[in-house]
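Before any comments, here is the structure.
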Amino acid sequence: MSEPTDVPGGAPEPAAAAEANSPTTDTSENPLQAALAAAETQAAALKDQLLRAHAEMDNLRRRSQRDVENAHKFGVERLLGDMLPVLDSLEKGLESTTGLEGDAAKAVVEGLQLSHKLFLDTLVRFGLIPVDPHGEPFNPQRHEAIAMVPNKDMEPNSVMDVMQRGYVLHDRLLRAAKVIVTRAPG
């Protein structure tokens, strides 16, 4: 009979069959490479998140430490502010005793002076520093001008007299000094 002929739509040639059955580099490595790239991207993102979380924790720790230090440093601010009128009264009482004579008056004056010194020393131990700007240039950040007086003996805009002392608590102004400031005569 007749010999079989190669039919175009028939069985594939052996080399073509081998290529079809074996996976090609494009089809088999693409999903693996895509998965690897996705995993590397995710790992980089997670590493970035971890670094940010560590940085945030460090910042939070530093901020908390600073807040605790400020709480210790300025925790007495309100109390000391409430004590200033008592200190002012003691100082005014001492000023009014000048010129008193007699043993009883001297004893009262001495007692007031000791009380004033003890009270002021206690406040200083808590960080309160008196501001006495006599003769200094006027500083609106630390002084409150209640009057301006012409004066030819002092530089203009200098503190001539202190009506009420100011106080600073650990470099923070607690109360401005009430002062009389000089101005140029004329």
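The values are calculated or read from the model by the stated rules, or taken from the named source; none is laboratory data. The structure presented is a predicted model; accordingly, all values stated were derived computationally and were not measured. Reconstructed Cβ throughout: ideal geometry from the backbone, glycine too, with neighbour counts over all protein chains shown.
Evaluate the range 85-102: report whether one residue or more is touching a Phe, Trp or Tyr at 6+ places or on another chain (Cβ under 9 Å), modelled with pLDDT of 90 or more and under 27 Å from Val181 (Cβ atoms).
First pass over the range 85-102, keeping only residues touching a Phe, Trp or Tyr at 6+ places or on another chain (Cβ under 9 Å): 86-87, 90.
Among the residues that remain, those that are also modelled with pLDDT of 90 or more are: none.
No.
Look through the range 119-140, keep the residues that are in contact (Cβ under 8 Å) with a residue 12 or more places away in the chain and of a type in the set (D, E, K, R), and return whichever of them is surrounded by the fewest Cβ atoms within 10 Å (Cβ to Cβ).
Looking at residues that are in contact (Cβ under 8 Å) with a residue 12 or more places away in the chain and of a type in the set (D, E, K, R), I get Asp132.
Give me the pairs, please: first residue somewhere in the range 160-178 and farther than 10 Å from Arg142 by Cα, second residue anywhere and acidic (Asp, Glu) and in a loop (DSSP other than H, G, I, E, B), beta-carbon distance under 9 Å, and either six or more positions apart or on two chains.
Val162/Asp132; Arg165/Asp132
Which strands (runs of 3 or more DSSP E) sit wholly inside the range 131-186 and have at least 3 residues that are closer than 30 Å to His72 by Cα and not β-branched (Val, Ile, Thr)?
Values: elements: 143-150, 159-164, 166-169, 172-175, 177-183.
Answer list for the range 131-186: 166-169, 172-175.
Just to verify a result, which residue in the range 141-172, among those that are surrounded by 14 or more Cβ atoms within 10 Å (Cβ to Cβ) and of a type in the set (A, V, I, L, M, F, W, C), is farthest from Pro85 (Cα to Cα)?
Ranking the qualifying residues of the range 141-172, first place goes to Met154.
Here is a yes/no grid of residues against (1) under 25 Å from His170 (Cα atoms); (2) not β-branched (Val, Ile, Thr):
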position: Phe74; (1), (2): yes, yes
position: Glu95; (1), (2): no, yes
position: Leu100; (1), (2): no, yes
position: Leu112; (1), (2): no, yes
position: Val124; (1), (2): yes, no
position: His134; (1), (2): yes, yes
position: Asn139; (1), (2): yes, yes
